[in-house]
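One structure below.
Bear in mind that the values in this text are calculations on the coordinates, not laboratory data. Computed from a predicted structure; not experimentally measured. Note that we place each Cβ from the backbone using ideal geometry, even for glycine, and neighbour counts take in every protein chain shown.
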Amino acid sequence: MRYLLIGLGLLFFSHTFSQENCEAYKYYGDTLKCKACEKAEESSKYYQFKMQFHQKLDEALKIDSTYAYAYREKSTAYLKSGDFITWKKIIDKAVKYDFEDNLGYRAWCRYQFFRDYHGAIKDIEKLESLVTYDIGNGINGHYHLNIAKAICYDAIGEKQKAIQIIENQLKVKNYFIGLFDYYQLGVLYYESADFNKALIALQRQIKENDLAEVHYYLALTQKKLNNLIAYKKELQTAKTMYLNNEILFDAYTHHYNKIFLVDIENELTK
């Protein structure tokens, strides 16, 4: 299983974002941003919740009030502390001054932390309309932003649109299949009563990244197809894997379509 990618994503998100190359600004003749960047570098000496961390970033913004990186760094501390109103005000400034580096990040946070599905869709579709290149993954690496967009459409009741988005993304040339792409697609097929497609997608997910949740939905799918022996077998596998902690996991929030042990046990008693 590709848990290494999960770990790398969490490691990346649990720290401040990679410092920019200040010399690049100097190379392109933007001496003001170069100076702001150099001042912002000094914040790396301090913990995100320390006053000095924010003071250094504020000093950078006094040099150049359009320096998006400083706004994004400041916003992250407020996000982690739970001050979502202040986070939104500050990240909006980062997006204003550099949408390419920050619009996708804001979209992901709207989806993951606030379940602001409409807001996330709006940001992702805006980013798609503004760039000609691949918009990439969410900040923790778990999903491509288009898969996240599909999840958001599912959450607001547009399952067929969600299915189409994931199917299209999986057809993109050289697309690197995400850790849970086929799981989310399989659940969508299941909930749309397309059980044969659900079976295929969930079995494909096992090859990519096997999880307890996958076997839980495989069990439900087999039950709908009247394969009761396979249904019971998949449920037992789901329980064993869950107890071994082979599950959908995120350090900050629950994954969409997350299943819990009680769900498996309740199904076993039916």
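Using label points projected 7 Å from each Cα along Cα→Cβ, tell me how many nm separate LYS50 and TYR252, to one decimal.
Placing both labels 7 Å along Cα→Cβ, they lie 2.2 nm apart.
Quote the FRET efficiency, to the nearest 0.05, computed for ASP58 versus VAL172 with a Förster distance R0 of 35 Å and r equal to the Cβ-Cβ distance.
0.25
I'd like to know which of LEU170, ILE90, PHE249 lies farthest towards the positive end of the charge dipole of the chain, counting +1 on Cβ of Lys and Arg and -1 on Cβ of Asp and Glu.
In the chain, that residue is PHE249.
What whole number of Å gives the distance from the Cα centroid of segment 104-127 to the Cα centroid of segment 156-187?
For segment 156-187 versus segment 104-127, the Cα centre distance is 17 Å.
Which cross-chain or sequence-distant (5 or more) residues have an amide H under 5 Å from the amide H of ASN137, H modelled 1.01 Å from N in plane?
Correct list: LEU145.
Once you put a point 7 Å from the Cα of THR86 and another 7 Å from the Cα of ASP98, both along the Cβ direction, what distance in nm separates them?
Distance between the two pseudo-spin positions: 2.2 nm.
Please work out the Cα center distance from segment 246-270 to segment 55-72, rounded to the nearest Å.
Here the answer is 42 Å between Cα centres.
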